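Visitor: Handing you a structure now.
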Amino acid sequence: MTTSNDKALPLIEGYYEEQIIQCMKCGMCQSTCPVYYEDSLETGCARGKLALSEALLHGRLEPNHKIEMIFNKCLLCHACAQACPVGLSPDKVFAAARAEMIKRYDMPWIKSVIYRKLLGQGKLSSLTGAISLANRLKLFALARSLSIPRMLGKSVERLSFVDLPDIPSRSFMDRFPEILEPKGKPIGTVGYFVGCAQNSVFQDVAEASVNVLLSLGYRVIIPKGQGCCGFPHYGAGDFETLKQKIAQNSSAFKKHKLDAIIISCATGGSGLKDVYPEMTKQDDMTTLGAKVYDVSEFLAQKHLKDLKKMMPKNTKEKIKVTYHDACHLNRLQGVASQPRDLLNIMPSYEFVEMENSTKCCGEGGGFTVYYQEISTNVANRKRETIKDTGAKIVALGCPGCRAQISGALKQDGLNIDTRHTVCLLWDEIKKTNGK
Amino acid sequence: MIDKNIITELENIVGKSNVLTDPSDLMLYSYDATQFYRVPDLVVVVHNSNEVSKIVKLTRKYNVNLYPRGSGTNLSGGSIPADGGIVMELNRLNKILDIDVQNRIAVVEPGVVAATIDAEVSKKGLFYPPDPGSIAVATIGGCVAEGAGGLRALKYGTTKDYIIGLEVVLPNGDILQTGSLALRGSPGFDLTHLFVGSEGTLGIITKIAVKLIYPAKARKTFLIMYDSVGLAGTAVAKIIENKIIPSTMEFLDKITINAVEDFKKIGLPRDIEALLLIEIDGEAEDVEVSAKILEDVCMKVGARSISVAKDDAQRLDLMEARRSALPVLARLKPTTILEDATVPRSRVPEMLEKIHDIQGKYDLMIGSFGHAGDGNLHPTILVDRRNKEEMKKVDMAIKEIFDYCIDLGGTLTGEHGIGIVKAPFMEKEFKKEGLSLFRDIKKALDPDNKLNPNKVVGAKEVHLDYI
């Protein structure tokens, strides 16, 4: 541990200081905060952490590990921002506050390995082999049963809660070429931002996204030089690595002339659309060379009619599907109606809303490790609202939510599948093609 | 610093994890929505009335101040540990114990969020009307203690009109039951209402019985523009003279209207001086008849225009102007100070004129909106609390507002309570005799002045800084 006498907090001074001082302490953030809902402590809600930020700024408190942990007690779900009468974005202040803390205290070694080695280094693919092998050998579950978590830290225990599918030993980007041509003359060229989770764990999502875009007639480019989006580093307060990631992805995507950049990861999408502009003070056109779309946003807004024509005709019975709004898709990107539009055109499914579909699932990156109990409780609430719909499938657009929710469903022995909306869409198109 | 023995004894009562002593934790229980603060010495999180009683006895034994707290959303400084000591966090007492449909009564614990009560009773076809602005987060215990109001008060009354019985832990640790589940009664002093609005100075409320009503079957919403505050005031008076009691009768002044237009762009004319948002409810036929009379009266008085909501979507559009009043004002400056001076209904135009004068005199930005139907205004002062000079002017402006409000036959607070911020003005409203009775009552129940000390009756003036 290193301590600093330097009281300055450059990352939260200036712009964020204005956010902090504008908080009128009305407490409305308590009404939507999923963390506050669980333990009713002021450390959970945004008002408390803003008060803490101000106390640090004014030197009423000195930074310490306890305070670092309070700033970590946030899912970055942005629900407080929606409830805030003054229109503040407290989650952004907390990310900056985490960055201030990281400058003072080194990351724990396990976090450092994950963020700086595995996600931080250029190549996404290095992750895949190791996770694939560990998952196939049931190492995460084994580790849990042997109580290794207590020895190794909570990260491994965390991995044994989430439910991961069988993972191919090669990554998506290793398996697919950089440029994919559609059958006919291309109607346009789009870039596909893969993201770590889709590149290694949830490769079905990347495959489905690319295939749907190809079926619509797009040339799809998967720039080889791309890396992690940097959102995990943003959430962990590792702004240095985040800036490297922005530079890396900027140069990878700007190499190509693209009509749009498509991403099928909610968190990555909000990284590109929300965090990059916050960091660079430039829009996505300038930073990445094209406008960024979530895959469901792009498909529903531009191709709903085309997709309708590609749907299978004679479907026997409809399977009930419900939809979970990922915070990073719904609140940070404003994408909510589009995935529902897509679900509603799929003849094999009957779409039913769940109660509180926009409530966070409790994932939130490092939060799940630091505040495992709260994270699990939040997930279990989500599970109950899913169960109440009677749906057989939960559609969603976020790998974090998918791992978390499928984990919660599995813990309860429920046979409910979690699928990315675009995977369901691709299944439908395949049915038509198969006929 | 707090005695080590107290910490140990508290831990024995509530468990180690429910006793907070870390400076960062304590900082988070130092403030409320007034934005004043004072860091407590300790925070204890309680779960039932038994724990409350034990802790009250313990703090008495050690002669330590004790401050009950719910969600900390009050606007009077009522839950700030202004003179140091222990904050007792009550929001874990959050069970709805009973909803009695037959007798139309609900029994709840104080930590239940107020909005939850209405949401739960409405599932059984019942209605809990009080709806303070902070209803989504404020606890019912806090609403009872502060005498919280809301938009529906003109027709339905405020929190105090719905409380029929309480369980209270007294400053000596005794657990008292007041009132009954019978819907009428006259046994001696009304002890229930001694504690309603007592702001945690006389006892700690641990159980609350509220009466419920049936919701109205139909409603109609109007937005009415006026070219002068006086005309709007006349309209308010005439509507009631014509025997129409709207469920909601809200007012916005020009500064507020323009702030709404700046941020929301809902098409309000920027040159109007006053805007009324009125809602009437009841049986469908009655609502139609009243609507006709209301429109006639408003036009006769000289309304520039009237918008009527045709459906629920339009209703929400009209409500938006009033709902966004505070949020948009709050965006104009870093610091928002919300007052709630209340005058007799007929004196509203005079009060507004005075606020306008005060604004000019001190060169402050003050937007006013509020519950015109019952004279409860919310002059909202917009400043930067880092500017010490400006804050001095705020203090003087507030004092003038209160003075004038009392002169008009009004009261210091319509729904926020007295707490610490208005305690110095109590004598102005109640004179020496009144204040001395207040103090005698406080002394009778809390002779050592340890329970939420110096609030309401202001035994000692306490200076607080903005956080």
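Visitor: Can you tell me which residue within the range B:107-130, out of those that are in a loop (DSSP other than H, G, I, E, B) and away from chain A (no Cβ under 14 Å), is nearest to the chain's Cα centre (by Cα)?
Guide: Among those that are in a loop (DSSP other than H, G, I, E, B) and away from chain A (no Cβ under 14 Å), it is B:PRO130.
Visitor: Now for a different question. Do we find a residue being part of a loop (DSSP other than H, G, I, E, B), surrounded by 24 or more Cβ atoms within 10 Å (Cβ to Cβ) and within 14 Å of chain A (Cβ to nearest Cβ) anywhere in the range B:56-70?
Guide: Yes - at least one qualifying residue is present in the range B:56-70.
Visitor: Okay, moving on. Any residue that is out of contact with any strand residue (DSSP E or B) (no Cβ under 7 Å at 6 or more places or on another chain) and either within 14 Å of chain A (Cβ to nearest Cβ) or aliphatic (A, V, I, L, M) (or both) - is there at least one of those in the range B:173-187?
Guide: yes
Visitor: Considering only the range B:305-317, state which residues are surrounded by 15 or more Cβ atoms within 10 Å (Cβ to Cβ) and of a type outside the set (Asp, Glu).
Guide: Within the range B:305-317, B:ILE306, B:SER307, B:VAL308, B:ALA309, B:ARG315 meet the criteria.
Visitor: Determine, yes or no, whether B:ALA33 is in a loop (DSSP other than H, G, I, E, B), buried (at least 23 other Cβ atoms within 10 Å of the Cβ), in contact (Cβ under 8 Å) with a residue 40 or more places away in the chain and within 11 Å of another protein chain (Cβ to nearest Cβ).
Guide: Yes.
Visitor: State whether the residues of the range A:204-226 include one that is within 17 Å of A:GLY268 (Cα to Cα), surrounded by 21 or more Cβ atoms within 10 Å (Cβ to Cβ) and among the charged types (D, E, K, R).
Guide: No - not one qualifying residue is present in the range A:204-226.
Visitor: Might you let me know whether the range B:201-219 holds any residue that is out of contact with any strand residue (DSSP E or B) (no Cβ under 8 Å at 6 or more places or on another chain) and either polar (S, T, N, Q) or more than 30 Å from B:GLU120 (Cα to Cα) (or both)?
Guide: No - not one qualifying residue is present in the range B:201-219.
Per-residue answers, yes or no, for (1) among the basic types (Lys, Arg); (2) crowded, with 24+ Cβ neighbours inside 10 Å; (3) at negative phi; (4) under 21 Å from the mean Cα position of the chain (by Cα):
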site: B:PHE369; (1), (2), (3), (4): no, yes, yes, yes
site: B:GLY417; (1), (2), (3), (4): no, yes, no, yes
site: B:LYS431; (1), (2), (3), (4): yes, no, no, no
site: B:LEU445; (1), (2), (3), (4): no, no, yes, no
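Visitor: Hey, A:GLU317 hits all of (1) within 21 Å of the chain's Cα centre (by Cα); (2) of a type in the set (D, E, K, R); (3) assigned to a loop (DSSP other than H, G, I, E, B) but one; which does it fall short on?
Guide: Unmet condition: (1).
Visitor: Ok, one more. Across the range B:263-293, what is the number of residues that are touching a helix residue (DSSP H, G or I) at 6+ places or on another chain (Cβ under 6 Å) and assigned to a helix (DSSP H, G or I)?
Guide: Here the count works out to 1.
Visitor: Got a sec? Which helices (runs of 4 or more DSSP H) wholly within the range A:254-312 have at least 2 residues that are over 21 Å from the mean Cα position of the chain (by Cα)?
Guide: Answer list for the range A:254-312: A:284-288, A:295-309.
Visitor: Check the range B:143-155 and report whether any residue there is aliphatic (A, V, I, L, M) and in a loop (DSSP other than H, G, I, E, B).
Guide: Checked the range B:143-155: at least one residue is aliphatic (A, V, I, L, M) and in a loop (DSSP other than H, G, I, E, B).
Visitor: Got at least one residue in the range A:7-15 being at pLDDT below 95 and either part of a helix (DSSP H, G or I) or at the interface with another protein chain (Cβ under 10 Å from one of its Cβ atoms) (or both)?
Guide: The answer is yes, given that some residue of the range A:7-15 is at pLDDT below 95 and either part of a helix (DSSP H, G or I) or at the interface with another protein chain (Cβ under 10 Å from one of its Cβ atoms) (or both).
Visitor: Would you confirm, using the coordinates I've provided, whether B:GLU350 is out of contact with any Cys (no Cβ under 9 Å at 6 or more places or on another chain), within 14 Å of chain A (Cβ to nearest Cβ) and touching a residue at least 12 places away in the same chain (Cβ under 8 Å)?
Guide: Spelling it out, it is not the case that B:GLU350 is out of contact with any Cys (no Cβ under 9 Å at 6 or more places or on another chain), within 14 Å of chain A (Cβ to nearest Cβ) and touching a residue at least 12 places away in the same chain (Cβ under 8 Å).
Visitor: Right, something else. Return the only residue of A:ALA83, A:ALA96 being within 12 Å of chain B (Cβ to nearest Cβ) and touching a residue at least 40 places away in the same chain (Cβ under 8 Å).
Guide: Unique residue meeting the criteria: A:ALA83.
Visitor: Quick one: which residue in B:GLY203, B:GLY165 is in contact (Cβ under 8 Å) with a residue 60 or more places away in the chain and under 30 Å from B:GLY141 (Cβ atoms)?
Guide: Going through B:GLY203, B:GLY165 in turn, just one is in contact (Cβ under 8 Å) with a residue 60 or more places away in the chain and under 30 Å from B:GLY141 (Cβ atoms): B:GLY203.
Visitor: Now for a separate question. So which residues in the range B:43-55 are buried (at least 22 other Cβ atoms within 10 Å of the Cβ) and either more than 10 Å from chain A (Cβ to nearest Cβ) or under 19 Å from A:CYS29 (Cα atoms) (or both), if there are any at all?
Guide: Answer for the range B:43-55, where residues must be buried (at least 22 other Cβ atoms within 10 Å of the Cβ) and either more than 10 Å from chain A (Cβ to nearest Cβ) or under 19 Å from A:CYS29 (Cα atoms) (or both): B:VAL44, B:VAL46, B:GLU51, B:VAL52, B:ILE55.
Visitor: Test of understanding: among B:LYS310, B:LYS333, B:LYS300, which residue is outside any helix (DSSP H, G or I), farther than 30 Å from B:ASP465 by Cα, out of contact with any helix residue (DSSP H, G or I) (no Cβ under 7 Å at 6 or more places or on another chain) and not β-branched (Val, Ile, Thr)?
Guide: Of B:LYS310, B:LYS333, B:LYS300, the one residue that is outside any helix (DSSP H, G or I), farther than 30 Å from B:ASP465 by Cα, out of contact with any helix residue (DSSP H, G or I) (no Cβ under 7 Å at 6 or more places or on another chain) and not β-branched (Val, Ile, Thr) is B:LYS310.
Visitor: Being surrounded by 24 or more Cβ atoms within 10 Å (Cβ to Cβ) and within 14 Å of chain A (Cβ to nearest Cβ) narrows it down to one residue among B:GLU339, B:GLU320, B:GLU390; which is it?
Guide: On inspection, the qualifying residue turns out to be B:GLU339.
Visitor: What is the number of the single condition among (1) within 26 Å of A:TYR276 (Cα to Cα); (2) surrounded by fewer than 22 Cβ atoms within 10 Å (Cβ to Cβ); (3) among the basic types (Lys, Arg); (4) at the interface with another protein chain (Cβ under 10 Å from one of its Cβ atoms) that A:ARG47 does not meet?
Guide: (2)
Visitor: Something else about it: If a residue must be modelled with pLDDT under 95 and on the phi > 0 side of the Ramachandran plot, how many such residues does the range B:2-40 contain?
Guide: Count: 1.
Visitor: Looking for whichever is at pLDDT 95 or above and either over 26 Å from the mean Cα position of the chain (by Cα) or farther than 20 Å from B:VAL46 by Cα (or both) here; the options are A:CYS23, A:CYS33. Which one fits?
Guide: Just a single option satisfies the conditions, and that option is A:CYS33.
Visitor: Kindly list, by first and then second residue, each pair from a residue in the range A:23-37 that is of a type in the set (Phe, Trp, Tyr) to a residue that is surrounded by 24 or more Cβ atoms within 10 Å (Cβ to Cβ), limited to pairs with Cβ atoms under 7 Å and residues at least 6 apart or on different chains.
Guide: Going by the 7 Å Cβ cut-off, the qualifying pairs are A:TYR36/A:GLN30; A:TYR36/A:GLY44; A:TYR36/A:CYS45.
Visitor: Limited to the range A:48-96, what total is found for residues that are outside any helix (DSSP H, G or I) and either of a type in the set (Ser, Thr, Tyr) or more than 18 Å from the chain's Cα centre (by Cα) (or both)?
Guide: Summing the residues that are outside any helix (DSSP H, G or I) and either of a type in the set (Ser, Thr, Tyr) or more than 18 Å from the chain's Cα centre (by Cα) (or both) in the range A:48-96 gives 13.
Visitor: Another question about this same structure. Would a scan of the range B:366-374 turn up a residue that is closer than 28 Å to B:PHE430 by Cβ, touching a Phe, Trp or Tyr at 6+ places or on another chain (Cβ under 6 Å), more than 14 Å from every other protein chain (Cβ to nearest Cβ) and part of a loop (DSSP other than H, G, I, E, B)?
Guide: For the range B:366-374, residues closer than 28 Å to B:PHE430 by Cβ, touching a Phe, Trp or Tyr at 6+ places or on another chain (Cβ under 6 Å), more than 14 Å from every other protein chain (Cβ to nearest Cβ) and part of a loop (DSSP other than H, G, I, E, B): absent.
Visitor: Which is more than 20 Å from B:ALA372 (Cα to Cα) and surrounded by fewer than 19 Cβ atoms within 10 Å (Cβ to Cβ), of B:GLU283, B:GLU295, B:GLU241?
Guide: Testing whether each residue is more than 20 Å from B:ALA372 (Cα to Cα) and surrounded by fewer than 19 Cβ atoms within 10 Å (Cβ to Cβ) leaves just B:GLU283.
Visitor: Same structure again: For the range A:52-68, name all the residues that are surrounded by fewer than 21 Cβ atoms within 10 Å (Cβ to Cβ), closer than 30 Å to A:GLY400 by Cα and more than 9 Å from chain B (Cβ to nearest Cβ).
Guide: Answer for the range A:52-68, where residues must be surrounded by fewer than 21 Cβ atoms within 10 Å (Cβ to Cβ), closer than 30 Å to A:GLY400 by Cα and more than 9 Å from chain B (Cβ to nearest Cβ): A:HIS65, A:GLU68.
Visitor: Moving on. Of B:ASP374, B:ASP363, which residue is loosely packed, with under 14 Cβ neighbours inside 10 Å and touching a residue at least 12 places away in the same chain (Cβ under 8 Å)?
Guide: None of the others qualify; the one that does is B:ASP363.
The values are calculated or read from the model by the stated rules, or taken from the named source; none is laboratory data. These figures come from a predicted structure and were not determined experimentally. Note that we place each Cβ from the backbone using ideal geometry, even for glycine, and neighbour counts take in every protein chain shown.
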